Amino acid sequence: MARSTRKASTRKARASSRDGAKQPALFPVIGIGASAGGIGALQKFFPGAPADSGFAYVVIQHLDAEHESVLASIIQRCTAIETRTAAEGMAVEPNNIYVVPPGASVTIEKQHFRVAKIAAMRARRTPIDDFFTSLAHEQAENAAGIILSGTGSDGTIGLRAIKELGGLTLAQESAEYDGMMRSAVQSGLVDMVLPAEEMAAKLVSYFRHSSRTESERDRHKRDVAEQLSRIAALLRTRTGHDFSGYKDNTILRRIQRRMQVLQIDDPAAFYERLREEPQQVDLLFQDLLIGVTSFFRDPQAFDGLERLVIPKLFQDRKPDETVRVWVPAAPLARKPIRSPCS
């Protein structure tokens, strides 16, 4: 049964890759970024990954461009999943592991790899960010980004793109080198922090939880909508922000995403979880602001506006006097922030 499922997934992937339209693959693609200490973490991760999950894994490890890599063979020794080196134009297929070659920046486009050499004089090499960002735009909610052991901050920008477009983000707990993990976690972008050996099972559970028929998705969306006013009230009480004026579809997608992360099916049960655990309200609030504005996510800036800027705007003004505020350069056609004053 597993073999027939694997073949069917592969046929779907190949059919999709022949289609000229840019559509996400019908299977999840998992990007795994690592640097120093990453090989040990990968050796813990892949033994727990089922050979027939239907996922494609892409490993981006910081490697010396001057030396031939044996990473693919190292990974192959600890998994039954076929492991190969990514190459220009290669189709991305389920139940495969792809390793990015040394000295290369790999992206994904229309279910195929695009491989470019990293310029020797490039000031900052960020192959993990490069791949994660392309993965987010290619796969949307069918993407996951994982940060394993490593130094520096490569991967954090890419995780932002993945989370912004509805994908899942994870970081390794107790990493041998925790620079990349700490950078990601401190940004507030990571959904789960887990030991490497527990991640594969969590991925399977997460994406299985999301696999519904169209009618099931519509019914679930209606059920979530029935709880929307109650959830918005919790958000307003906890954070002071009123989301009742936001587009329902945007909020519903973010609520459904948090439910998926927590693996809660019943919207009423999710509401109760929010009510009982205020920190879950904070996490939902962060999700709602992803892709809206970085400003609200910076408490110091918002506090400065409230204490230093707003009072001066209204100083010595009459109650009926109008104050006009312009918000320049709303990026990417996003609406400007409304900050009503009372």
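Structure summary
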| quantity | calculated |
| --- | --- |
| Segment Arg77-Asp303, extension gain: residue separation times 0.36 nm, minus the distance between their alpha carbons | 76.0 nm |
| Ala65 versus Glu198: modelled label distance in nm, points set 7 Å from Cα along the beta carbon direction | 3.9 nm |
| Loop sites in region 77-115: trypsin sites (Lys or Arg not before Pro), DSSP, at most 12 other Cβ within 10 Å | Arg77 |
| Point-charge dipole on Cβ atoms (K/R +1, D/E -1) for region 122-174, about Cα centre, debye to 20 | 240 debye |
| Extension reserve of the Asp218-Arg84 stretch, reckoned as 0.36 nm per residue once the Cα distance is removed | 44.4 nm |
| Label-to-label distance, nm, for residues given as His209 and Lys117 (7 Å Cα→Cβ offset) | 4.5 nm |
| Loop sites in region 198-269: trypsin sites (Lys or Arg not before Pro), DSSP, at most 13 other Cβ within 10 Å | Arg212, Lys247 |
| Inter-centroid distance (Cα atoms) of region 239-259 relative to region 59-117, Å | 37 Å |
| Modelled FRET efficiency - R0 51 Å, Ala36 with Asp320, Cβ distances, 0.05 increments | 0.20 |
| Separation of alpha-carbon centers, region 204-236 and region 152-186, rounded to whole Å | 26 Å |
| GluC sites (Glu not before Pro) restricted to DSSP loop in region 24-131 with at most 13 other C-beta within 10 Å | Glu66, Glu68, Glu88 |
| Those aspartates and glutamates that a straight Cα-Cα span of less than 15 Å connects to Lys44, excepting residues fewer than 8 apart in one chain | Glu173, Glu176, Glu197, Glu198 |
| Packing-based exposure ordering (other Cβ within 10 Å, fewest first) of Thr107, Thr250 | Thr250, Thr107 |
| Modelled label reach - Asp52, point 7 Å along Cα→Cβ, region 85-115 residues with backbone N closer than 16 Å | 94-96 |
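Read the figures in this text as sums done on the coordinates, not as results from a lab. All values reported here derive from a predicted model rather than from experimental measurement. Reconstructed Cβ throughout: ideal geometry from the backbone, glycine too, with neighbour counts over all protein chains shown.
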